[in-house]
Protein chains: 2
Amino acid sequence: MTTHARRSLRHRIADELRALVLSGELPPGAQLPSEPELARRMQVSRSSLRSAIALLEEEGLLRPVHGSGTYVNDRPLLRDDLSRNLSGTEMIAATGRTPGARLTEARLEAAPPEVAAAFGLPDGTPLSALRRVRTADGEPVIDTTDWCRPEVLDPVAMADPAGGSVYQALAERGLAIHHGVATMRPAMADARVAERLEVPEGSLLLTLFQTDSTADGVVALVSLEIYPADAFLISVYRRGPGDES
Amino acid sequence: MTTHARRSLRHRIADELRALVLSGELPPGAQLPSEPELARRMQVSRSSLRSAIALLEEEGLLRPVHGSGTYVNDRPLLRDDLSRNLSGTEMIAATGRTPGARLTEARLEAAPPEVAAAFGLPDGTPLSALRRVRTADGEPVIDTTDWCRPEVLDPVAMADPAGGSVYQALAERGLAIHHGVATMRPAMADARVAERLEVPEGSLLLTLFQTDSTADGVVALVSLEIYPADAFLISVYRRGPGDES
DNA sequence: CCGGCAAAGTTGTCTGACAACTCTGCACAG
DNA sequence: CTGTGCAGAGTTGTCAGACAACTTTGCCGG
């Protein structure tokens, strides 16, 4: 391996294997070539290949069986798996529709209590806020609000972020998002949200309050997303209750 | 390593490390001993230790930094993280309340369409169904229905499962649950659910439809769980958008 | 006081070997 | 002909040692 990127080798190998599976080249149930063989073909060491396979096993995509081989799991393909997919744009694109946005509005505003708490700041601290209604094929499907510290991104930078996405703009400022924690609640549409999402007042919604942090635990972005009840099938892949027999 | 268990070595090492972190012996931000040192102490090879660390990195618990060391992440502890926690009993216990159940009712019934589809069976196939209202300190918090194939567990076995939990009863019959996929929807309480959960009719609910599968993709259990809006904070840990910088 | 550099320490990857396990197919007894 | 047992080949799991790539520390010279 002479071609070096930033991601570690095992992640790049995992990407390559994942692509093979998702493209259907390795159909569900299929057995992978043996590790030495595959390592030779991909020009990597067996240990790096094994690390990659371990990642994909953890993801639930592959299933190595001692003494037999490594197989492709045929679990339902979750394009909208919450635990792997941070961005609303991707969720929309994954359903095959064209993502868009309207009613974009960015300004400095006082942090609501829940948001301030997530950042660990006092109530009312001024924050950059970006409000959008995201659309799929022109139809409104998510009402989102993103908050971040103004010294990191000012409202103007949030509304038109470098690199196209707020995540990338944050990454360029040294705040690459490592993980997020999302909390879900059912809700009913009040007049304001009903108008923005073009649904009847009082109709069912799912709200998702999320705090995104960097690898060292700094909260970099907080967002509130509001979905009409049936805009998406919001799913989560859950691991089994330990391997205890 | 002469002491053999069922779980693979790296999982056992990971368990040990996880315990060290959760017990507070390795506080957030702390640097682990170096890999060679730790491997020597735990009497395992460095490669096995590295595999374990990779697992915990994927879990978000540890953060190895090339050339520097491996550190404990201080991410918020999610007691009710959906993506790691399958059982309603555990969710209740994690909030510090005492789990219980009432209105337990088990019988053979025709599979509703959505359930039949999850099993890949025709509509109306008879299935074992177990209906319960689970309680926390006596207060109703989840209305659950579990379905499984009657040749695996008959209604009587479901109502009083060997080993105490349906999961364990399934595992003893060679159907250990490996993963599940849960889909969330907001809903409103109809008369029946309102009475069972002791909430006003029309109040907000979160429903969670889940299919649990074995390692080879066989659907072993399907369940529908209904939560009052504020019974739990249902959260998900989401990985960041790739490591691309 | 500051900048640069070398050295020590750490994680990432490679190579080769053997152990543990699974699966296939053949020989052999019934 | 059939079923059983066993040996062998093939595969994943683990081990050991080495070097590369990177970070951090601290010294030295300006």
Apart from one, (1) surrounded by 18 or more Cβ atoms within 10 Å (Cβ to Cβ); (2) modelled with pLDDT of 80 or more all hold for B:Tyr237; the odd one out is (2)
Exactly one of B:Asp190, B:Asp230 is within 12 Å of another protein chain (Cβ to nearest Cβ) and surrounded by fewer than 15 Cβ atoms within 10 Å (Cβ to Cβ), and that one is B:Asp230
Checked the range B:195-223 for anything over 14 Å from the mean Cα position of the chain (by Cα) and in a strand (DSSP E or B); matches are B:Leu204, B:Leu205, B:Leu206, B:Thr207, B:Val219, B:Ala220
Given the options A:Glu37, A:Glu57, name the one that is within 22 Å of B:Ser47 (Cβ to Cβ) and either out of contact with any Lys or Arg (no Cβ under 8 Å at 6 or more places or on another chain) or within 10 Å of DNA strand C (Cβ to nearest atom) (or both). A:Glu37
Subset of the range A:169-178 [modelled with pLDDT of 80 or more and more than 14 Å from A:Gly217 (Cβ to Cβ)]: A:Ala169, A:Leu170
Any hit, the range B:152-162, residues being closer than 26 Å to A:Asp74 by Cβ and either at pLDDT 85 or above or not basic (Lys, Arg) (or both): yes
Considering the range B:66-79 alone, what residues qualify as being at pLDDT below 90 and either within 9 Å of another protein chain (Cβ to nearest Cβ) or closer than 22 Å to A:Glu59 by Cβ (or both)? B:Asn73, B:Asp74, B:Arg75, B:Pro76, B:Leu78
Residues being surrounded by fewer than 19 Cβ atoms within 10 Å (Cβ to Cβ) and either within 15 Å of the chain's Cα centre (by Cα) or within 11 Å of chain B (Cβ to nearest Cβ) (or both) - total across the range A:164-187: 7
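Per-residue answers, yes or no, for (1) within 30 Å of B:Ala117 (Cα to Cα); (2) under 25 Å from the mean Cα position of the chain (by Cα):
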position	(1), (2)
A:Gln31	yes, no
A:Ser34	no, no
A:Arg46	no, no
A:Thr104	no, yes
A:Ala116	no, yes
A:Gly120	no, yes
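The values are calculated or read from the model by the stated rules, or taken from the named source; none is laboratory data. Keep in mind that what you see is a predicted model, and the values were worked out from it rather than measured. Quick reminder, even Gly has a Cβ in these numbers, built from the backbone with ideal geometry, and neighbours come from all protein chains shown.
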